[in-house]
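First the structure, in the form of structure tokens, and then the observations on it.
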Amino acid sequence: MTETAPAGYSSQRPRRDHLMADREQFAEDDPRRHTIKLKGMLHDVVQHAREDVDKVDDPRAKALFETTAEVLTGLVNAYEHFERRSEPAWR
């Protein structure tokens, strides 16, 4: 499943079965097990918000839904940086 994403963000939504397999490789007390699940949930909300943009006529609601998608996409990006330890704050 693919969604439109801003430049620099991954637009590929991992399949649910791959997420579960990825999670299972980490122990329950490993944060990555939980970040993988949360990223999947956030991706679902991003997709839902973007789909809802086309379902409403109110320009303020459209802006709110698109803003929701953008903010949550940034949060997914932060989770990915945490998992890869690619930012100084996560090292």
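The values are calculated or read from the model by the stated rules, or taken from the named source; none is laboratory data. Computed from a prediction, not measured in an experiment: that's the story for all the values here. Note that each Cβ is placed from the backbone with ideal geometry, even for glycine, and that neighbours are counted across all protein chains shown.
Structure data summary
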read-out	value
Scan of region 51-74 for residues that are touching a helix residue (DSSP H, G or I) at 6+ places or on another chain (Cβ under 6 Å) and either modelled with pLDDT under 95 or under 26 Å from residue 22 (Cα atoms) (or both), ordered by number	69, 72, 73
Residues located in region 77-91, provided they are out of contact with any Phe, Trp or Tyr (no Cβ under 7 Å at 6 or more places or on another chain) and either of a type outside the set (Asp, Glu) or assigned to a helix (DSSP H, G or I) (or both)	78, 79, 80, 83, 84, 85, 86, 88, 89, 91
Within region 20-76, considering residues that are of a type in the set (Asp, Glu) and in a helix (DSSP H, G or I), the one nearest to the chain's Cα centre (by Cα)	44
